[in-house]
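See below for the structure under consideration.
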Amino acid sequence: MARLPPSRGLAAARARSRPSRPRAGVRGARAPQLPRLRVVRARRAVRRRRGGAARVRRVRANQAGGGGPGVSLADELAERGEIGGRTVRIKENGAVECHVYPLGSLTPGMVRVRTELSVISPGTEMTYIGRAATNPYLHKTWDPELRVFAAGAPTQDYPIVFGYRAAGTVVTSGGADLPPGTRVFGKWRHTEFTALSLADARAQLLPSELSFEDGADLAQMLPIAVNAVAYAEERHAGAPTVVFGCGPVGLILSQVARATGATTVYAVDRIPQRLTIAKSLGLVPLDAGAEDVARKLKSAHGADGIPVAFECSGSARALNEATRVVRRRGTVVAVGFYQGEAAGLFLGDEFHHNGVEIRSGQIGNLHPRWEMGALRAFGIDLVRRKTVILGGLPRLSLPVEQAASAFGALARPAEVLQVALSYADA
């Protein structure tokens, strides 16, 4: 395995996409470490207060149906240019459709981007699908100032336009350094056209050696993995670690954990096809349906052998297994989006008796020493060095007009890992 030198902080992560290689002949070259970043907390607090007030206004407008009578949030997004052309939306009955929105006017300081492909998140986005959709935003009111859910009107209204894995090409420029044809990545929705600020477009240039398939995961999915590993506080380095869930997040996170020092990464799932993918990446697959993973690994490595485990499936039962596999006072980083009540989570067992710590690695709560730009820069460097594979992970590709079939395919996890939507001319 290629060893990378440690990152040297936020300024280096932003300014340099490729840190210097370790000198030949130097022994003990270390795996890349997550930089210890200093954060100006006062500045973050101001942004949170301002952002919270703005979110309150947006939530109230959304609950009222948008910006005025008969105006939905989707219509507002179209007017602002954030969505346009062929766009995936979820209707109130839970059905998925491809709807064509008009292109809004492009305001100064923005560039228009034509999407090359977007990728559906098989976790978060599926919580919005069907009449029995489980996402709490559809059933409760989220108070962004108090940061609590409460009984009341849904926070999100229909139709819902969603997505956060995309890459595309600038078609209408707003600056000399961003001419038409410039390739960018981002976390915009499943839509044919979007508008990015000049600052965002410049910060999200797709490196020339990476494909659009790679680019779709640079803005959000890769930072999700790096942020989760940051919450391990380097305790995984120099030891075996366990990742529960071989979906896209789990497979990417497993590679990041290995790149940052884990000696062996065990990838746990119940689907044989996904375990095969994990093995192809050099991970050690374990079938959760065929054996007691915790007993097997503790027998092999000792009761104190595994300091950290990551739970990426969103299954409460898998979260329980993660608490069983780590050592006494070990750490479990919970990355999955858990729905409803936590059936199968027994907090009176190993969690209680071994003093296990469960930490949320959710991307909406960045590790205090990190900022999003640094997460992306660190992750992009791993992809450029081919230490982490993104676009090479299996994807079913369908035209955006077949969005309903694309979401339906994700109900067959043994056959389909993830689905990409293409936006070629109809």
Worksheet item: What are the extents of the Cα atoms of segment 332-387 along their three principal axes, listed from largest to smallest and rounded to whole Å?
Response: 43, 26, 24
Fill in: Gain in span if fully extended, ALA404 to ASP425, counting 0.36 nm per residue against the direct Cα distance
5.7 nm
Worksheet entry | Residue (of GLY361, VAL416, PHE337) at the positive-pole extreme of segment 315-426, dipole from beta-carbon charges | GLY361
Worksheet item: Is there a pair in LYS91/LYS187; LYS187/LYS298; LYS279/LYS386; LYS187/LYS386 whose C-alpha atoms are over 28 Å apart, and which pairs would that be?
Response: LYS187/LYS298
Worksheet item: Nearest 0.05, what FRET efficiency do THR264 and ASN93 give at R0 = 60 Å with Cβ-Cβ as r?
Response: 0.80
Item to complete: Compute the separation of the alpha-carbon centres of segment 351-408 and segment 110-124 and state it in Å as a whole number.
Response: 15
Item to complete: Would you mind giving the average projected area, over all directions, of the Cα convex hull of segment 340-426 in nm² with one decimal?
Response: 10.2
Discussion item. Output wanted: per-residue J couplings in Hz (rounded whole) for segment 378-384, from phi through Karplus 6.51 cos²θ - 1.76 cosθ + 1.60, θ = phi - 60°, x for Gly and Pro.
Written reply: 4, x, 4, 4, 5, 5, 4
Worksheet, complete the sentence: The ratio Rg/Rh over the Cα atoms of segment 222-360, Rh being the Kirkwood inverse mean 1/r radius, stands at 0.92
Worksheet item: Where does each of 327-334, 201-208 land if you order them by average Cβ count within 10 Å, highest first?
Response: 327-334, 201-208
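Computed from the coordinates by the stated procedures, all read-outs in this text should not be read as laboratory data. Note that the coordinates shown come from a computational prediction; the quantities given were computed from them, not determined experimentally. Cβ: placed from backbone, ideal geometry, glycine included. Neighbour counts: every protein chain shown.
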